[in-house]
Amino acid sequence: MSLIQKEVSDFSVQAYQNDAFKTVTKADILGKWSVFFFYPADFTFVCPTELEDLQNKYEEFKAIGCEIYSVSTDTHFVHKAWHDASDRIKKLQYPMLADPTHALSRDFEVLIEADGLAERGTFVVNPEGKIVAYEVNAGNVGRNADELLRKVQASQFVHEHGDEVCPAKWQPGAETLKPSLDLVGQL
């Protein structure tokens, strides 16, 4: 079953951000664009490369009104320990959400029940709290922040211009498509 247009359930989780612990709730994501970036676990191999790649694009995400939330099933204390121990993770400025109860991982349907870990799931959530784009990768395949930024920009564009669609490899400022009524059923 598709998760497109699924509304994110109410949640309240602990997070680590900028050398502090804080609570993040569903109310915090409403009214702006969000990316939920699930990864299996702290102190692993592929995860820090992905999280650093996201940090390198973080200012661009913020410039388009989108917050990044990295999420693993670790606690916020483990996030802090990883931050303190890793040169790559020390760079992170976006919130690292803790999901030790697996509430978020289950809601976004990325929990690997047998392992208690999350798949590599990436979700674009609109200001109404609904999932508008997502992908789930195998644990041994890293993701690309450039492509994620493009997906958020395309999602924002079609959110604002509901009668237009973005073709493959669309970039901001590029031509979009305006489906005719005859083609709508073929989308």
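FYI, it's all coordinate maths here, none of it is from the lab. Not measured: the values here are computed from a predicted model. Here Cβ is always computed from backbone atoms with ideal geometry, including for glycine, and neighbour counts include all displayed protein chains.
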To the nearest 10 degrees, how steeply does helix 46-63 sit against the main Cα axis of the chain, on a 0 to 90 scale?
50 degrees
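Suppose every K and R has +1 on its Cβ and every D and E has -1 on its Cβ; what is the size of the dipole of the chain about the Cα centre, in Debye to the nearest 20? It would help to have the intermediate numbers written out before the result.
Details: 18 positive and 29 negative charges, 41 e Å.
In total the dipole reaches around 200 debye.
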Report the one residue of PHE38, GLN17, PRO100 whose Cα lies farthest in the direction of the positive end of the charge dipole of the chain (charges on C-beta: Lys and Arg +1, Asp and Glu -1; origin at the Cα centre).
GLN17
Who wins for biggest fluctuation among ALA103, ALA174, ALA20 in a Gaussian network model of the chain, springs between alpha carbons below 10 Å?
ALA174
Give me the percent of DSSP beta bridges within the stretch 1-97 that run antiparallel, rounded to the nearest 5.
50 percent
Using alpha-carbon coordinates, inclination of helix 145-160 to the longest axis of the chain, degrees:
50 degrees
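Viscosity 1.002 mPa s, temperature 20 °C: give me the Stokes-Einstein translational D for the chain in µm²/s, with Rh taken as the Kirkwood radius over C-alpha pairs. Provide the component values of the computation, followed by the final result.
Numbers: Rh = 17.1 Å.
Stokes-Einstein gives a translational diffusion coefficient of 125 µm²/s.
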Dipole magnitude of the stretch 63-160 about its Cα centre (Cβ charges: Lys, Arg +1; Asp, Glu -1), debye to nearest 20:
300 debye
In nm, spacing of pseudo-spin labels at GLU164 and ILE4 (7 Å Cα→C-beta vector)
2.0 nm
Cα centroid distance between the stretch 10-80 and the stretch 83-124, in Å?
8 Å
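Shape call for the stretch 42-124 from the C-alpha gyration tensor, a ≥ b ≥ c root eigenvalues: rounded (a/c under 1.5), prolate (a/b greater than b/c) or oblate?
Details: a/c = 1.92, a/b = 1.26, b/c = 1.52.
Since a/c reaches 1.5 but b/c is at least a/b, the shape of the stretch 42-124 is classed as oblate.
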Strictly over 31 Å apart at the Cα level, which of LYS62/LYS178; LYS22/LYS169; LYS32/LYS90; LYS26/LYS90 would you flag in this model?
LYS22/LYS169
Test of understanding: in a Gaussian network model of the chain with alpha carbons linked when under 10 Å, which of GLN93, GLN171, GLN14 would top the mean-square fluctuation ranking?
GLN171
What do you get for the angle between helix 76-85 and the principal long axis of the chain? Use alpha-carbon atoms, 0 to 90 degrees, nearest ten.
80 degrees
Pick out, from HIS76, VAL8, THR122, the residue whose Cα sits farthest towards the positive end of the charge dipole of the chain, with +1 on the Cβ of Lys and Arg and -1 on the Cβ of Asp and Glu.
HIS76
Applying the gyration tensor rule to the Cα atoms of the stretch 95-149 (axes a ≥ b ≥ c; rounded if a/c under 1.5, else prolate if a/b exceeds b/c, else oblate), the class is oblate
Over the stretch 1-70, equivalent-ellipsoid semi-axes from the Cα gyration tensor in Å:
20, 16, 15
Give a quick list of chymotrypsin sites (Phe, Trp or Tyr not before Pro) in the stretch 1-84 that DSSP marks as loop, anything other than H, G, I, E or B, with at most 16 other Cβ atoms within 10 Å.
PHE43, PHE45
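If the chain between ALA81 and LEU30 were fully stretched, how many nm would it gain, using 0.36 nm times the residue separation less the Cα-Cα distance? Kindly include the intermediate steps, with their values, before the conclusion.
Values: separation 51, 0.36 × 51 = 18.36 nm, distance 2.94 nm.
Full extension of this stretch gives 15.4 nm more.
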